Amino acid sequence: MTGATLQALLSHWWRNPLQLFTLLAGLALATALWSGVQAVNAEARASYDAAAATLGEGQYDRLQRRDGQPMDQSTFVQLRRAGWLVSPVVQGRLDDVRIIGIDPLTAPGGIGPVNLGQGGNISGFFTDTLFANADVAARLPELTVRITPETAPGSAITDIGVAQGLLGKEGQIDSLIILPRQPINRPDLADIAPELTRQQAQGGSDIGRLTDSFHLNLTAFGLLSFAVGIFIVNGAIGLAFEQRRPVVRTLRALGLPLRRLVILMAAELMFFALIAGVVGVALGYIIAALLLPDVAATLRGLYGSDVSGTLQLRPAWWLSGLAVALGGTALAASGALYKLSKMPLLAAAQPRALAMVAGRNAKVQGIAAIFLLMTSGILMITASGLIGGFTLLGALLIGAALALPLILDRILAVTSALAKSVTAQWFWADTRQQLPGLSLALMALLLAMAANVGVSTMVSSFRLTFTDFLDQRLASELYISTETAAQTAALITYATPRVEAILPIQSVDTEIAGQPTQVFGARDNRTYRENWTFLQSSADPWDTTFAGETILINEQLARRADLQVGDTVQLLDAAFTVAGVYGDYGNPIGQALINEPIFLTLYPDVTAQRFGLRLDPAAVPDFVASMEAETGIAASQTINQSGIKAISLQIFERTFTVTTALNILTLAVAGFAILMSLLTLATMRVPQLAPAWAMGMTRAQLGKLELLRAVLLAVLTAVIALPLGLALAWALLAVVNVAAFGWELPMYLFPMDYARLGVFALLAAALAALWPARRLARTPPADLLKVFSNER
Amino acid sequence: MNDKRPFLANGTLGAWARIIVLMAPLLWPMTTFSQGFAGLGADIDGFSTPQPNPTFMFPDDHGAHNNYRIEWWYLTANLQSGDGTSYGLQWTLFRNALAPEGEQSAPQFWMGHAAVTTPDNHYVTERLARGGIGQAGVIADPFVAWIDDWTLEGDWDTLQMTASAPDFAYDMTLTAQGPLIFHGDHGYSVKSAEGQASYYYSQPFFDISGTLQLPEGNIAVTGDAWLDREWSSQPLSDNQIGWDWFSLSFDDGNKFMGFRLQQTDGNSYTSATWIAPDGTTTAFPDGAFSAEPLQTHNTADRDIPIRWQVQLPAKNVNVTVNAINPDAWMATSIPYWEGPVTVTGSHTGRGYLEMTGYE
């Protein structure tokens, strides 16, 4: 019996190979999308984690010379002999590879590939072996490199003695890691090495924070892809079950126990899910491999953190891809199987029956939707923290998806009531009746569109903000660093008659309201007035600040110290009123700006070694060319602002490539879901279309109406998706980003982008509907006639 | 390998050993884990090996012998505070050469272990350093042995000794009350039936006083200390997997050193030195001394014998040795057990016990 049943069940797929294909392909595509995004994310993260671990960035305090120059090795010995547990690090570049030299004997655990305390692999240290991944090893053909995939991309780790030799830094050390546990009776640093300064460990460097922001965006996208995927899987299976109801009825009428039937159908689906999952993971791998070079380039350019451009098969993500396929199938199947087991034995495969059942479910669904949307409404006001932010996202998306069929149903009910002609009335009623069958596909479309609107808004806002920020911070045409006081003097003598303004960049690390803050002394100049934008400010922030009365602070400081415009802060013995709060994206610590004369009074020891020069952009090359001859300042000490901006913008274009590719994929999957639903519905709909045909409508008319219906539903869905996407973007920018990084990204709107997206969605829906409509238009009249001779 | 030091060294060497063993493929192609505890049974290509009938030259021999692979300066002390509480103290510096002098700039690794044992607590810490840069080393004249801020410094009649850790520190003065003594055959100490040996001498007659800085407060202590010097290149046979080492000071003024090397075949190799109050020594060959575990204690997830029956019939010694703190586990790179003991039975007194190879 089991064999016969299986044969009967499977025969459905042999007779409908297209449907089998759609089921498998749908599942595979959803899985691919999910696992592709996950793979990119996992790869980027793993690379970054390795880099962070290599350097112990953010984990340990460090000692460095105040002037930033390397220290002598004897300083390390001196500190050790005084009881300071410090470990030396030397760094440098060799053929574009970052060489990091550490001393495994004194380094804290968890730095690099060495872990002495746990008996890690230390072999090769103290010899001339380097540790690096395969990519780096290929770039260092003359050296002995042991391949260790966990080493940070673009870096090679080796014993400090070896690194010193390779980098030509014999006897020199760049920084000292301070071990967390120090012996008692340790003397003060000032008594042993007063030239050193202690750099506090930061909970992640600024590179880390910005990179995290990017990862978070990708994670959000992954989450949305997952939601879209789940809806599609759900839809595919639900429809396949509907179609096979006659078979089920026959089998059960022949005496097959319900239990065995359910088990067999579940097993069959899991088998398909497994196949589709494997294919999907493989596809995801290809997607990821195609996207990864761009992601790697984006991260490297944006944040200077290296991501390996090659993909490793990580068990975590391919397992998660398979789990999505299997889990999604299980979820969808459980609903369908449950319905199957509860439906009356002889209930025919009547679409209207399905709609009526859906009607009963609608109430539950409606209540859930309202509850979720209300929750998200409350969270929009109250949410703080990452969990709150993601709960908000989840509630919003699921609530909106659940509400979609109900909203569409209401709209159709109204239009149906307003319709005058019989054809129009029939069209609206028929559309409404199809809604339950299409609702899952439409939900997928809704989510895909909302995700696209949300993510592209976020990324575009990010870009706009960042370019504004670059304009603000890189307003001067030329930046010059000097190395000595003599160079500084020469520069000022040389530049004063040739440029419009010299803006010294001078700062001191201190605290404001208990927060670590970098305070800058700014020279009164139009550069600041014209380019800086404030999130919050008094009437004339620059006038009062350059008059020495007020201070301008960055958003991070304002948020952490809870400072508003009008509050007073203290710097040494001087008090300042906060006159403005400005955005300072990516900066992990506080920043403040005061007038230069006041700054120099408060901090007389600080001398500027960086200068921004305002001059005619066209004059920059000549200025730099003769500067070297006259002042000895090399061209390498200058930065041409337009160059930096060009690079930064180029990087954002890459970000867009990634985002656009993912957008198109999501839409394609949603379009596929629609196609699949329509194809499935098409055969069930023949009995309903037959009467319309019999009453005089041509098949061509019917086909056109089918197409129109699909486009109409897509338009309605798109209209609902737009506000949802914007809400999503807002939540990502204003809630999630603040929770994660302490600064809010301003949100900008991009109507043209949305319009284009809407067109894409319609195209996707129309394309998806085209084939089913054509098939309908070509249904042989005999098939339509048969309806009347059949059981109905 | 040889006496306790070795095993102590083993312990310490453990750390070294791990480095050595892991580096073996690069440095000593024939070396594998099977070669004795902590690599102490490893091959010795290019290194010197101890020879019988040595002549020691002082103060030179207090310094480092870079032609030999392994060497240590190993001090243990039994201490007492004013209220009669017993304490144990350890200060150890290990040297390990990756290559003989003259080859690949002879990288030396140094490892320091320091510990203070109270009846209830065992404080232990470790330092590692490379040679050649001044972070650690030993100079013979004037004598100083150091790693980081830890030092053992003086003329061997008087020595100053310090060590520090995040949770404890000590500062001690040592005063010699007797001569140096030489183990085995005039300082040539045989460790196995195959003839592995080390150079081994001790100063067991130190008076010690100073201050322990512990989390429970500063404690002034006095007592006696035992300083071991030992070096070799292949102190253990490749079938020797650990050792139990006893240094006992009896109330009648006699002292005793004995070690038992455990072999993979279940047998053991023993050696002992009897030290009279005037410093005259009697060496005992394999089998003359025996040590049998009476009771084990589970610490650091292994069963460690913390009560022993120690016998040296030739000197009518039949004593029970008891750990003052059974949890004196040295959780260092290469872990081992090392702590103060009390002695009861035919003789009474106190001493130190080291056990390695309990995996």
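Could you please state how large a percent of the accessible area of segment B:49-194 is carbon and sulfur, counting protein chains only and using a 1.4 Å probe? C and S fraction of accessible area: 46 percent.
A cut-off under 11 angstrom between Cβ atoms defines the neighbours of B:Ser164, and their net charge, with Lys, Arg +1 and Asp, Glu -1, is -2.
Please build a GNM for chain B, connecting alpha carbons under 10 Å apart, and tell me which residue among B:Ser202, B:Ser290, B:Ser346 fluctuates the most. Largest GNM mean-square fluctuation: B:Ser346.
Accessible surface for segment A:545-623, divided over its residues, is 39 Å² per residue with a 1.4 Å probe. Peptide B:327-339 shows a mean partner chain C-beta count of 1 within 10 Å per residue C-beta. Between B:Gly184, B:Gly349, B:Gly258, the GNM of chain B built on Cα springs shorter than 10 angstrom shows B:Gly349 fluctuating the most. The relative contact order of chain B comes to 19 percent, based on Cα pairs under 8 Å that sit 6 or more residues apart.
Computed from the alpha carbon positions, the gyration tensor of segment A:696-783 leads to an equivalent ellipsoid with semi-axes of 43, 11, 9 Å, biggest first. Taking all protein chains in place and a 1.4 Å probe, what share, in percent, of the accessible surface of segment A:443-592 do carbon and sulfur account for? Here it works out to 49 percent. According to the Cα-based calculation, Rg over Rh for chain B is 0.93, with Rh computed by the Kirkwood formula. Solvent-accessible surface (1.4 Å probe) assigned to A:Asp95 amounts to roughly 100 Å².
Find out how many positive minus negative residues lie around A:Ala561, taking Lys and Arg as positive, Asp and Glu as negative, among other residues whose Cβ is under 12 Å from that of A:Ala561. With Lys, Arg at +1 and Asp, Glu at -1, the neighbours total -2.
Between chain B and chain A, the total buried accessible area stands at approximately 2300 Å², from heavy atoms with a 1.4 Å probe.
Shape analysis of segment B:229-359 yields a ratio of the Cα radius of gyration to the Kirkwood radius, Rg/Rh, of 0.95. For segment B:240-303, the ratio of Cα radius of gyration to the globular rule of thumb 2.2 N^0.38 Å stands at 1.31.
Accessible surface for segment A:691-772, divided over its residues, is 44 Å² per residue with a 1.4 Å probe. Over chain B, DSSP H runs of length four or greater, each weighted -39,500 (n - 2.57), average out per residue to a 222 nm ellipticity of -2500 deg cm²/dmol. Annotation: Cα Rg of segment A:499-582 relative to the compact-globule expectation 2.2 N^0.38 Å equals 1.06. Counting Lys and Arg as +1 and Asp and Glu as -1 over every other residue whose Cβ lies under 14 Å from the Cβ of B:Thr264, the net charge comes to -4. Peptide B:127-136 shows a mean partner chain C-beta count of 6 within 10 Å per residue C-beta.
Solvent exposure of chain B amounts to 33 Å² per residue of accessible area, where only protein heavy atoms count and the probe is 1.4 Å.
Highest GNM mean-square fluctuation among B:Ala197, B:Ala328, B:Ala300, for chain B modelled with Cα contacts below 10 Å: B:Ala300.
With the convex hull of its Cα atoms as the shape, segment B:135-207 has an orientation-averaged projected area of 6.8 nm². Ranking A:Met380, A:Met695, B:Met57, A:Met752 from most to least accessible surface, computed with a 1.4 Å probe over the protein chains only, gives A:Met695, A:Met752, B:Met57, A:Met380. In whole angstrom, how far apart do the alpha carbon centroids of segment B:135-161 and segment B:163-241 sit? Rounded to whole Å, the Cα centres lie 14 Å apart. For the set B:Lys191/B:Lys255; A:Lys363/A:Lys704; A:Lys363/A:Lys420, the pairs lying more than 31 angstrom apart at their alpha carbons are A:Lys363/A:Lys704.
The values are calculated or read from the model by the stated rules, or taken from the named source; none is laboratory data. Keep in mind the model is a prediction, meaning the values are calculated, not measured. As a convention, Cβ positions derive from the backbone with ideal geometry for all residues, glycine included, and neighbour counts pool all protein chains shown. Ligands, DNA and RNA are excluded from the accessible area calculation, which covers all protein heavy atoms including side chains. Shrake-Rupley method; radii C 1.70, N 1.55, O 1.52, S 1.80 Å.
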